[in-house]
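Input: a single structure, listed below in structure tokens.
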Amino acid sequence: MTPRTSVEDTIARYQPTSVGEEAAGFARLAVGKAGPTSRSRAKSLLFAASRLGDFGLICGLELTEEILFHPSVIERFIVVGCDERSPATRRTLRTDLRFLARAVDPGCGPAPVALSRERAKTPYTGAQLAAYLALADAQPTSARRHRLSALVCLGAGAGLMGADLRGVSGNDVVCRSGGVLVVVHGRRPRVVPVLACYHARLVASAANCGEGFVVGGVDEARRNVTARLVATASGGVDLPRLDTGRLRSTWLADVAEALGLRTFMDAAGISCSQRLGDVVATLEPVDEETAVARLGGSRSIR
């Protein structure tokens with residue numbers, strides 16, 4: 001028996017006990033038109049189409065491809081008819097039904113365009129960070145030296161960027177609990193331990209600006225402050241433009257390495273952290289001293 005004959009035989013013999021013959025017949029007809037290339041694919045499509053057909057009968061719909069494969073009917077089936085199934089099963093059913101809809105009626109519209117996932121920016125190397133800190137030390141005025149130095153320290157040492165970074169004043173850099181911390185205000189208020197290798201520089205920058213913002217400016221709602229600070233940096237013609245996103249990625253990589261995150265994910269067989277947030281939400285937060293010990297320990301610049 002050839003693979004093609006095997007697939008056709010699988011479709012022709014399909015008769016599930018959980019749905020009636022009318023729904024099964026609708027599934028056989030639709031999947032036969034789709035032309036699956038393997039038995040496993042045919043079975044998956046038959047399962048989805050027969051359940052859609054059964055849902056159509058319950059709703060009093062005519063079992064035609066034009067009606068049941070309409071996007072609104074498929075969505076209602078997934079939301080209402082599959083409410084007791086697992087999220088993974090519902091996603092698979094919708095994918096299979098959308099495939100069948102395009103296969104049996106090419107004029108039903110184009111498939112959704114796949115959108116690329118945003119990737120984390122590449123962390124800076126130790127040599128690159130050292131070059132940016134040297135660039136900060138070479139600025140012509142004390143204020144610019146401290147502001148550019150604070151920008152690097154808050155990004156690579158505490159993972160701040162955007163409004164969190166711009167909103168840090170000198171008073172928000174505090175020495176307590178055995179380390180240096182940054183008090184972050186705004187939409188996500190928190191206290192962040194600073195990596196030890198950035199302590200001295202950040203404390204000096206905070207002391208220099210006093211109650212002002214450590215990266216410059218006078219208005220808390222100001223924008224593009226860090227962009228102007230980077231753009232006006234003197235020297236460093238051989239350095240790429242400093243990127244706050246890459247500074248945050250550097251901090252994330254350093255902290256992940258310190259916590260053994262790669263070892264944990266490898267041991268758990270996890271390649272994506274999508275569900276880790278649900279697990280972490282069940283854990284008790286640690287006290288400040290513990291956080292400083294774990295995240296603000298003595299580490300050299302990467």
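Every number in this text was worked out from the coordinates using simple rules, so none of it is lab data. Being a predicted model, the structure only gives us computed values, none of them experimental. Neighbour counts are summed over all protein chains in view; Cβ atoms, including those assigned to glycine, are modelled from backbone coordinates with ideal geometry.
From zero outward in steps of 5 Å, how is the percent of C-alpha pairs of segment 1-51 spread across the bins? Spelled out bin by bin, segment 1-51 gives 4, 26, 37, 20, 9, 3 percent. The label point for A138 and the one for Q274, both projected 7 Å from the Cα toward the Cβ, are 4.6 nm apart. Placing one equal scatterer on every Cα of segment 126-295 and applying the Debye formula, the log10 ratio I(q)/I(0) at q = 0.11, 0.12, 0.14 Å⁻¹ is -0.48, -0.57, -0.76. Take the Cβ atoms of T92 and L261, set R0 to 41 Å, and the FRET efficiency comes out at 0.85. Relative to the current alpha-carbon distance between R223 and V80, full extension at 0.36 nm per residue lengthens the span by 46.9 nm.
Between I67 and A204, full extension at 0.36 nm per residue minus the direct alpha carbon distance yields a gain of 42.3 nm. Taking every DSSP helix (H) stretch of at least 4 residues in the chain, weighting each as -39,500 (n - 2.57) and dividing the sum by the residue count yields a mean residue ellipticity at 222 nm of -16000 deg cm²/dmol.
Translational diffusion of the chain, estimated by Stokes-Einstein from the Kirkwood radius over alpha carbon pairs at 10 °C in a medium of 1.306 mPa s, is 66 µm² per second. For segment 10-151, the Kirkwood hydrodynamic radius from C-alpha pairs, put into Stokes-Einstein at 25 °C and a viscosity of 0.890 mPa s, yields a diffusion coefficient of 132 µm² per second.
Projecting label points 7 angstrom from Cα along Cα→Cβ for D105 and L283 puts them 4.9 nm apart. Look at K33, K121 and count the other Cβ atoms within 10 Å of each Cβ; fewest to most, that gives K33, K121. Among R41, R166, the ranking by other beta carbons within 10 Å of each residue's beta carbon, starting with the fewest, stands as R41, R166.
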